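Worksheet: one structure, shown below.
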Amino acid sequence: MRALIHDPGAPAGLRLGDVPEPVPRADQALIQVHAASLNFVDVAFMAERARPGAVPGMDAAGVVVEAAADGSGPPPGTRVVSFGWAAGAWAEYRAADTAELAVVPDSVDLGAASALPAAGVTALRALRRLGPVIGRRVLVTGASGGVGRFAVQLAARAGAYVIAAVGGPDRAEGLRELGADEVVVDLGDIAAPVFGVLDNVGGAVLAEAFGLLEDGGCAQSIGMASRAPTTIDFEKERLAGVRKRLEPFVVGGPGAGSAFGPDLGHLVDLLAQGALDPQIGWRGSWDRAPEAAEALLARRVRGKAVLDISQHPDSSD
């Protein structure tokens, strides 16, 4: 089958090539992939996480062509969206754990559904870590990215007063329409303490955001788009006398009892109701994957990048 392969010598480390079709385990369904999405982590850390010749990608949507042998999961012909820790999404076929997928109704575009797994579930679970946010001030940093735009929408739906922080005025487009009450470029413009922080940037931004927390507040460190370490002056925080916490957010992991299926199903339902916008800022054929990856790394994509996967004429149905 055709697949996008990690090739360190190719543009953005990706090239189309031929690989063996995956052989599903008993608890996996074989999916014919129609669309897949790129996450910042997929492309920014590809060299560290993928060996040459491997098929990257965590998020894909398509149609089940072979049901799981153990009887779990949906039957052949079912439209689904899937997540996978072991990657393998950017290919004509993927074997997906039935616990990590959700059924997609006919009314939902598979490209839109493919944008949900890693970014959407991350935003949903990080927001839950803050506890009840109704009527409370929540700061989302890196709000223009994939996780950030989902976090803004979900926090607003939960009743929070949402402050969206972005890297520049050009990155603010559409955030108020998604539910942001304020949009800032400089965290110094935030006039009052916040109850919660959902940070996607790391580095100095996380340190400054932590300093904005009110007594009893919590910051979730979700990502490190800045690729810079964070230094916090805890002596200064002690002297301020404000009790707050900082947590390195972990969305889950293989065998951790945190399968994506239920949360993914919830997000698909919101998408079907028109209550969630996947915010696809780039979409194109998978032969343009290097272009999409480079656009993500250069911060030229507002939200998610989605690849339409075309089936090779020689692929089996």
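Projecting the Cα atoms of G62, N39, L198 onto the dipole axis of the chain, where Lys and Arg carry +1 and Asp and Glu carry -1 at the beta carbon, places L198 farthest toward the positive end. When you filter the GluC sites (Glu not before Pro) in segment 146-188 for DSSP loop state and at most 16 other Cβ atoms inside 10 Å of their Cβ, you are left with E173. For segment 196-317, the convex hull drawn through the C-alpha positions has a volume of 189 cubic angstrom per residue.
Ordering A151, S258, A126 by Cα displacement along the dipole of segment 122-276 toward the positive end leaves S258 in first place; charges were set at the Cβ atoms of Lys, Arg (+1) and Asp, Glu (-1). The alpha-carbon positions of segment 84-149 define a convex hull whose volume is 147 Å³ per residue. Taking amide hydrogens as placed 1.01 Å from N in the peptide plane, the amide H of V197 sits under 5 Å from those of L139, C218, A219, Q220, each at least 5 positions away in sequence or on another chain. Note on segment 235-292: semi-axes of the ellipsoid equivalent to its C-alpha gyration tensor, largest first and rounded to whole Å, are 35, 20, 16.
Springs between Cα atoms under 10 Å define the GNM used for the chain, and in it the highest mean-square fluctuation of R79, R157, R227 occurs at R227. Structure remark: mean-square fluctuation, Gaussian network model of the chain, C-alpha springs under 10 Å; the largest value among G284, G146, G179 belongs to G284. Full extension of the chain segment joining D170 with W85 gains 27.3 nm, where the gain is 0.36 nm per residue of separation less the Cα-Cα distance. Working value for the chain: equivalent-ellipsoid semi-axes of 35, 20, 17 Å, each the square root of 5 times a Cα gyration tensor eigenvalue, largest first. In segment 13-71, the convex hull through the Cα atoms has an average projected area of 4.8 nm², a quarter of its surface area.
Extension gain, A99-D269: 0.36 nm per intervening residue step, less the Cα-Cα distance, totals 59.5 nm.
Taking amide hydrogens as placed 1.01 Å from N in the peptide plane, the amide H of L14 sits under 5 Å from those of D7, each at least 5 positions away in sequence or on another chain.
For T78, the residues whose modelled amide H falls within less than 5 Å of its own, excluding neighbours fewer than 5 places apart on the same chain, are V64. For the chain, modelled as a GNM whose springs connect Cα atoms under 10 angstrom apart, the maximal fluctuation among T98, T230, T122 occurs at T230. Rounded to the nearest 10 degrees, the inclination of helix 261-272 to the longest alpha-carbon principal axis of the chain is 80 degrees. Its alpha carbons considered, segment 120-248 gives a radius of gyration followed by a Dmax of 13.2, 40 Å. Residue-wise HN-Hα couplings along segment 87-95, as the Karplus relation 6.51 cos²θ - 1.76 cosθ + 1.60 with θ = phi - 60° gives them from phi, are 6, x, 7, 8, 8, 5, 9, 9, 9 Hz; Gly and Pro carry x. Measuring r between the beta carbons of A204 and L297 and using R0 = 22 Å, the FRET efficiency lands at 0.65.
Give me D for segment 1-123 in µm² s⁻¹, whole number, from Stokes-Einstein with Rh from the Kirkwood sum over alpha-carbon pairs, 20 °C and 1.002 mPa s. For these conditions, the coefficient is 149 µm²/s.
Fewest neighbouring Cβ atoms within 10 Å first, the residues R245, R125 line up as R245, R125.
Rounded to the nearest 500, the 222 nm mean residue ellipticity of the chain from helices alone is -7000 deg cm²/dmol, with -39,500 (n - 2.57) taken per DSSP H run of at least 4 residues. Spin-label model, I134/D181: points 7 Å from Cα along the beta carbon direction are separated by 1.5 nm. Full extension of the chain segment joining D18 with R245 gains 76.9 nm, where the gain is 0.36 nm per residue of separation less the Cα-Cα distance. Principal-axis analysis of the Cα atoms of the chain puts helix 146-157 at an angle of about 60° to the longest axis.
Where a number appears in this text, it was derived from the coordinates with a stated rule and is not lab data. None of these values were measured; they are calculated from a predicted model. All Cβ positions, even for glycine, are placed from backbone atoms using ideal geometry, and neighbour counts span all protein chains on display.
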